[in-house]
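Structure first, then comments.
The values are calculated or read from the model by the stated rules, or taken from the named source; none is laboratory data. Note that the structure is predicted; figures quoted are calculated from it, not measured. Using ideal geometry, Cβ is built from the backbone for each residue, glycine included, and neighbour counts are taken over all protein chains shown. SASA here: full protein model, heavy atoms, side chains in, ligands and nucleic acids out. Shrake-Rupley method; radii C 1.70, N 1.55, O 1.52, S 1.80 Å.
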Amino acid sequence: MALNGVSQLCHDITRLWLQLKMLTDDILQREDGPFAAEIGHELQKQFAILPGGRGMNGNPIIVFPEFPDFSELEEEEVQNVLSYLSSIPSVAASGVGFNLVIDRRLDRWAAVRATLLRIAGSFPGNLHLVLVLRPTTLLQRTLSDFLFKYNRDEFKMKVVMLSSVTELHAYIDPGQLTTELGGTQEYCHDSWISHRTAIEAFALMVKTTAQTLQAFGTELAETELPNDAEATINLLHTHTLKKDKMKEDLQVALSQGGRLLECINEPLQTDPEYSMTYDELENLATVQRLLGQLDETQTAFDDFWERHHTKLEQCLQLRHFEKHFREVRPQLDVTSERLSGFSEVSVSPAHAEHVLRELSSHEDKACDVLDRALSLASEGDRLIENSHYAEDSIRPKCSELRGVCEEISSTLRNKKSLLLTALELHHALEKASRWCEDGIFLLASQPVDRCQSQDGAEAALQELERYLDTAPLHTLADRSAICCQYEAVLTTQLMDQVERVFQKQISVQEMFEKRRISLKKLAAKQTRPVQPVAPRPEVKSPLSSPNQERKERRYSADNAICKKVESPIHNGGTRHASLSEEEENLAVLRRHVMNELLETERAYVEELLCVLEGYAAEMDNPAMAHLIPSTLLSKKVVLFGNMSEIYQFHKRTFLKELEAYTDCPELVGRCFLERMKDLQIYEAYCQNKPRSESLWRQCSDCAFFQECQKKLEHKLGLDSYLLKPVQRITKYQLLLKELLKYSKGCDGCDDLQEALSSILGILKAVNDSMHLIAITGYEGNLSELGRLLMQGSFSVWTEHKKGHAKVKDLARFKPMQRHLFLHQKALLFCKRREENGEGYEKAPSYSFKHSLSMSAVGFTENAKGDNKKFEIWCNSRDEVFIVQAPTPEIKTAWVNEIRKVLTQQLKACRDASQQKSSDSVFPSPNSNNTSISLSPFRSSGQKNQKKQEEKKAETSMMSDSSSSPKHKGWNKASLSVDASEENDGYSSSEDPINSDAEDEGGRKLAPGKYTVVADCEKAGPQELSVKSGDMVQLIREGEEGQWFVKNLRSSKEGWVAAANLLSLISESKSSQSLSSSDGSVSGNLSTSSSCSETYTSFSDIKP
């Protein structure tokens, strides 16, 4: 339907509405004038009437009957009645002028005069003639005749004084006058008022209905079509309700007009000879015209509504079509994308059959989508056939759907055809290979003793001939024909297989030819007996049949058997195959494990795709939105984690790379090593698993999951499939262990071992991360603590030796149960708390209790003679943690890991120091007789060192410090490592970095950049003050042992005494001074020959 048809109908309705308006305006001439219903009381007084008669020239006649109280009427009453009566006749009749008949025969002249004056001043219309029936009494008639002549001019209108009714008939035909005036016209004032009220009410109703109809028609014509189906349905419902209301109003107006017409025609029904007045005839014609216009308007409106309704229904059909198109089109894209992911290249019959099964399964799903798409295209064709207004929009979509469906169907057919062709080639290769293997087995199984006689040789020769006769049925005849026939599917790998089979056929035929020659010689001429030697069937297990071994050896990467097998009878001896039976068995087992890896990988990828398409994608499907509970809204990432990322990695990358190692499974470790970084995506998935499990438990019974499971025809719920990634990452290490067991001595053995270790490392990282996310109460950022090295549960005792108390914690006779997390930069102590619930909700949580910075800790390997205990301490053993491991092995592992951390810190210190030692001299802050121990290793044999030595060292340090009173005790702080009472250590004489007082005394300062390790206030105006941590530059040496120094932090310059500088600075390249971030000095690593048990940490280096 063309839209211009609706527009034309809208114009027709507007035209009809204007006609109705003109008709009703004729009836209701004065928009602001009174209506009969409004002035009914005044009209009932009957002081002026409009009986409907006409004068000689068609003048409307208004009669003023006898009304003695006319002078007492309110001016407003007279004005309203006269205005109303003068508005009733048509405009044409009113234009001729009114004739007024004033009956005052029983009144006095004064009243007549007053009436004329009042009428002259208040009559609103055009007056043609005023006829007055003067008083009939002698006195009043005489007065009126006399006074009228003198007062004529003041009336300002044409007045004729009449003495009788007979004189009146000379001006107006008696047929136009009522019986009271000697006429023949029947007039009932009550009926007249009733008719006028009904006519005006009907006209007003028609006018209101016409206005409403016009407004509704305009609204329909100007309505913009919605863009979605729901809005279209609502609009259609709203317009239908308005249409029904309009139809009801039209029916009411038509019904009322019909009744009014009957009332007007009632006198004719009673008396067929009744003659209607001019006003009655006008009323009849007006009502008939209104009814005709209403009926025509109703017909036009019905036609307009029918077309508008059709337009809205077509709009709704279009919106449904577009909605279904938006749903089907992405499904076609997904189907096409999945189809493009199917490889038409196969590496083995099993692979080809697997891909064919997957393709057939995908074909079933694709057919459903294609059926929906083609059905939608047919629906679009039906809309076009029905003259839909949006034909230009529907037709391209139908063409697009059919084009995509045809493309998918064609691709599906081509891939299926190629796979079937490849499978046919694989079967031909398999058949030829089987024939070769059976031939080799036949050669190897012929008994030698039987061949020594002429009959035996002839029988063996016939057996070979019979077997060779079967070659045309089983072998490949022409290499070029094979290449031509299977050109579409011949890949490099498949071509290699073809070449190997042809090479194998040639080798077997050569073996048969050599055997035939030998047997023919034996059959033709007998030689001396040869000691029978039973040959070993090449690469055959004595317990297995040829068919069984054929399945295991088929498509092996090692094709040596095709090239190196020779006749077991040569010069009277036997030769063995190039591969031993054990090696071949291992190769078979490797292939078996590899096949399991590939089969399970393909199944895993397919399962992930099912979950993503059948569950995750459906959460965004508007058609399923009503089934999704509120707790699941916007929680797709929580429920599925990064499963989509895992799927994309395995589908696009990992599976294809694994398939490349089908023929060399012992080398598959390289694939794992190359993709080890990508496999770390499983850590994020496992970290999210508790949240996913919790959300699943809240929503597992909802209708959404049940509907999805029903569509997928899964026997297991979604939770089983959400566990697949966790199961898969653990499955890899099992398969790698199997491959490693069967690959000893192979080229890829080391790669397999490294891959297994890396996978186990990922599993450990995943397990550790699961524990880390359960830590609560830690205010810092766990990621800033470095990599998590170890974690486990221990029994812990705490000893505090701070100040004068030196007492152990009360209630520490019973150990605390703590879960320790060893990071690269800190050691966390947490309390394990078991949670109630099921699955991941039952996983423990850890309440953070304490942490130790690894830059400020030391530890003792063996504590209190228990091989399961070790000590961790800090702050010069002010606080000591005695840790008991569950087993000695766990304790040893932890001790080794902590030692490794401390050793790495030492190495970092040394590397930083050695980089800057080439152009600097490190000044010694100590006196010649003082040696400060900076060793982190403390021999347990030194714990009995006497306190006198400790006090002596402390006294010596204090005396040295007093020589520089203006800088704070850097040296004293350096003794904090050794000053504890129960850890009396000593500095190893073999420590290459230990301070040597004699060497330090002769060192000199040199220009360069240094870091200040102590505060020093200036003693004079030209001197420079520095603070610990400032970076200073020594510029030049002056007189009297002064150095000109620049503070690089404050940019100030000044002089500093050289004696002070020796104890204030440490060059950034020196390894002699290791300053911690809090100003204390920690030690460096000593390689003492004694058995060290106690270790301290390494602080940060200040350059």
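Every listed requirement among (1) within 60 Å of the chain's Cα centre (by Cα); (2) surrounded by 12 or more Cβ atoms within 10 Å (Cβ to Cβ); (3) at pLDDT 80 or above; (4) among the hydrophobic types (A, V, I, L, M, F, W, C) is met by L220 save one, (3).
Six or more apart or on different chains, Cβ under 7 Å: which pairs go from a residue in region 622-640 that's within 26 Å of C686 (Cβ to Cβ) and polar (S, T, N, Q) to one that's part of a helix (DSSP H, G or I) and open to solvent by 40 Å² or more (accessible area, probe 1.4 Å)? Could you list them? Once the first residue is within 26 Å of C686 (Cβ to Cβ) and polar (S, T, N, Q) and sits in region 622-640, its partners that are part of a helix (DSSP H, G or I) and open to solvent by 40 Å² or more (accessible area, probe 1.4 Å) give T631/Q698. Residue count for region 111-163 satisfying the condition of being of a type in the set (D, E) and touching a residue at least 12 places away in the same chain (Cβ under 8 Å): 2. Looking across region 666-681, the residues that are over 19 Å from A587 (Cβ atoms) and among the aliphatic types (A, V, I, L, M) come down to L673, M676, L679, I681. Per the conditions (1) in a helix (DSSP H, G or I); (2) buried (at least 18 other Cβ atoms within 10 Å of the Cβ); (3) not polar (S, T, N, Q), the sole criterion not satisfied by V347 is (1).
Out of region 656-678, which residues are aliphatic (A, V, I, L, M), within 30 Å of Q497 (Cα to Cα), part of a loop (DSSP other than H, G, I, E, B) and in contact (Cβ under 8 Å) with a residue 60 or more places away in the chain? Answer for region 656-678, where residues must be aliphatic (A, V, I, L, M), within 30 Å of Q497 (Cα to Cα), part of a loop (DSSP other than H, G, I, E, B) and in contact (Cβ under 8 Å) with a residue 60 or more places away in the chain: just V668. You will find that of Q269, Q214, the residue that is of a type in the set (S, T, N, Q) and buried (at least 17 other Cβ atoms within 10 Å of the Cβ) is Q214 and no other. Residues in region 379-398 that are assigned to a helix (DSSP H, G or I) and either out of contact with any helix residue (DSSP H, G or I) (no Cβ under 8 Å at 6 or more places or on another chain) or of a type in the set (A, V, I, L, M, F, W, C) (or both) were compared, and the one that is surrounded by the most Cβ atoms within 10 Å (Cβ to Cβ) is I394.
Each residue in region 323-359 was checked for being farther than 19 Å from R652 by Cβ and at pLDDT 85 or above, and 10 of them qualify. Only one entry of L695, L735 meets the criterion of being closer than 20 Å to A617 by Cα and either among the small types (G, A, S) or in contact with a Leu (Cβ under 8 Å, 6 or more places away or on another chain) (or both), and that entry is L695. Against the test of being in contact (Cβ under 8 Å) with a residue 40 or more places away in the chain and within 30 Å of C874 (Cβ to Cβ), the options S758, S743, S793, S783 yield a single qualifying residue, S793.
Each residue in region 133-150 was checked for being loosely packed, with under 12 Cβ neighbours inside 10 Å and under 24 Å from I172 (Cα atoms), and 1 pass. If you check Q298, Q251 for being polar (S, T, N, Q), farther than 26 Å from M56 by Cα and either open to solvent by less than 40 Å² (accessible area, probe 1.4 Å) or touching a helix residue (DSSP H, G or I) at 6+ places or on another chain (Cβ under 6 Å) (or both), only one passes: Q298.
Only one entry in Y278, Y274 is in contact with an Asp or Glu (Cβ under 9 Å, 6 or more places away or on another chain), open to solvent by 30 Å² or more (accessible area, probe 1.4 Å) and at pLDDT below 85, namely Y274.
Counting only helices (runs of 4 or more DSSP H) that sit completely within region 714-803, those holding 2 or more residues that are within 36 Å of the chain's Cα centre (by Cα) and polar (S, T, N, Q) correspond to 724-741, 749-772. Going by what's in this entry, would A198 be described as over 29 Å from N283 (Cα atoms), small (G, A, S) and at pLDDT 80 or above? So A198 fails the test.
Yes/no matrix, rows are residues, columns are (1) modelled with pLDDT of 85 or more; (2) among the charged types (D, E, K, R); (3) under 21 Å from P888 (Cα atoms):
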position	(1), (2), (3)
S795	yes, no, yes
T798	yes, no, yes
H804	no, no, no
D809	no, yes, no
F813	no, no, no
M816	yes, no, yes
F821	yes, no, yes
E834	no, yes, no
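Looking at region 331-342, can you tell me whether even one residue there is aliphatic (A, V, I, L, M) and open to solvent by 30 Å² or more (accessible area, probe 1.4 Å)? The answer is yes; a qualifying residue exists.
Given the structure, is L734 without any contact (Cβ under 8 Å) to a residue 12 or more places away in the chain, more than 30 Å from I628 (Cα to Cα) and surrounded by fewer than 20 Cβ atoms within 10 Å (Cβ to Cβ)? So L734 passes the test.
Considering region 464-476, the residues that are open to solvent by 50 Å² or more (accessible area, probe 1.4 Å) and in contact with a helix residue (DSSP H, G or I) (Cβ under 9 Å, 6 or more places away or on another chain) include one that is farthest from S445 (Cα to Cα), namely L473. Here the strands (runs of 3 or more DSSP E) wholly within region 971-1068 that include at least 2 residues being of a type outside the set (K, R) and modelled with pLDDT under 75 are 1065-1067.
Filtered by the rule that a residue be assigned to a loop (DSSP other than H, G, I, E, B) and open to solvent by 40 Å² or more (accessible area, probe 1.4 Å), region 679-711 gives a lone residue, D701.
Residues that are open to solvent by less than 40 Å² (accessible area, probe 1.4 Å) and among the acidic types (D, E) within region 752-779 comprise just one, D768.
Scanning region 451-463 for residues that are within 13 Å of R515 (Cβ to Cβ) and either out of contact with any helix residue (DSSP H, G or I) (no Cβ under 8 Å at 6 or more places or on another chain) or modelled with pLDDT under 80 (or both) gives C451, Q462.
Among the residues of region 122-132, is any out of contact with any strand residue (DSSP E or B) (no Cβ under 8 Å at 6 or more places or on another chain), under 23 Å from H41 (Cα atoms) and open to solvent by less than 70 Å² (accessible area, probe 1.4 Å)? Checked against the condition, which is being out of contact with any strand residue (DSSP E or B) (no Cβ under 8 Å at 6 or more places or on another chain), under 23 Å from H41 (Cα atoms) and open to solvent by less than 70 Å² (accessible area, probe 1.4 Å), region 122-132 yields at least one hit.
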